[in-house]
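Take a look at the structure set out below.
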Ligand SMILES: [Zn+2]
């Protein structure tokens, strides 16, 4: 599986998780699922709602998720995944991430070291939910991913 996104969204994600440092930053990825590849058209930054462990946990509240879903629908997009950061930890899913992952969605993890995004990887839950499988991450240097759909503002 391939997850494609533009430099624009990549920079937006990096900016959000850098600002959240040393806490985890998170958000929702909107785009198109085309079967063989998945394309991100928009990244929706979300305020980490975890109560007491924002340094190594994140929580997207149900109403935040619903708002992102609504935004996706209005723009002719789907929710295709989530992103969050690992402050001073590798961009690999934690046991917490595995426990809270849903099937289908792409999980993008950004490693933030000393406030700077240094690594970014995408993962998807294995069918038997025993772990994550890596997705191929493609960052497009220019232009639009795919066609059709509203690129938004
Ligand atoms: Zn995590």
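The values are calculated or read from the model by the stated rules, or taken from the named source; none is laboratory data. Keep in mind that this is a model prediction, so the values were computed, not measured. Don't worry about glycine lacking a Cβ; one is built from the backbone with ideal geometry, like all the others, and counts go over all protein chains shown.
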So residue 81, is it in a strand (DSSP E or B) and either under 21 Å from residue 12 (Cβ atoms) or away from the ligand (no atom under 14 Å from the Cβ) (or both): yes
Restricted to segment 95-135 and to residues being over 15 Å from the mean Cα position of the chain (by Cα) and within 14 Å of the ligand (Cβ to nearest atom), the residue nearest to residue 50 (Cα to Cα) is 96
When residue 53 is run through (1) within 14 Å of the ligand (Cβ to nearest atom); (2) modelled with pLDDT of 95 or more, the failure sits at (2)
Self-check item: Residue check, residue 4 at pLDDT 95 or above and either over 19 Å from residue 138 (Cα atoms) or part of a loop (DSSP other than H, G, I, E, B) (or both)
Solution: no
